[in-house]
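> Dropping the structure in here first, questions after.
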Amino acid sequence: MKTDALALKIAGKIIRNQTRFAVYLNRKTQHWNRASKIVALTLFVLLFGGLSFYFIIHSFFN
């Protein structure tokens, strides 16, 4: 079916973009040691987790 072919094409592009982005990030952080990567991951999780929590709480009161 045409919709299946289109869905496969879209999924392929998404996977290709994810892979390209992962390779880019790996190149940017290849010189970091393990501790630096853990600190960066922790900051990322805290930042975006905190923002998500803020928006969820904010949505209940507005």
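> List, please: which pairs have Cβ atoms under 8 Å, are six or more places apart or on different chains, and start with a residue in region 4-26 that is without any contact (Cβ under 8 Å) to a residue 24 or more places away in the chain and end with one that is among the β-branched types (Val, Ile, Thr)?
Filtered contacts from region 4-26: no entries.
> Also: Of the residues in region 15-54, how many are exposed (fewer than 10 other Cβ atoms within 10 Å of the Cβ) and of a type in the set (S, T, N, Q)?
Matching residues across region 15-54 total 3.
> Here's something else I'd like to know. Report whether or not His58 is surrounded by fewer than 10 Cβ atoms within 10 Å (Cβ to Cβ), modelled with pLDDT of 95 or more and not in a helix (DSSP H, G or I). Full working, then the answer.
Working: surrounded by fewer than 10 Cβ atoms within 10 Å (Cβ to Cβ): yes; modelled with pLDDT of 95 or more: yes; not in a helix (DSSP H, G or I): no.
Taking the combined requirement at face value, the residue does not satisfy it.
The values are calculated or read from the model by the stated rules, or taken from the named source; none is laboratory data. Note that this is a predicted model, so its numbers are computed, not measured. Positions of Cβ are generated from backbone atoms using ideal geometry, with glycine treated the same way; all protein chains shown enter the neighbour counts.
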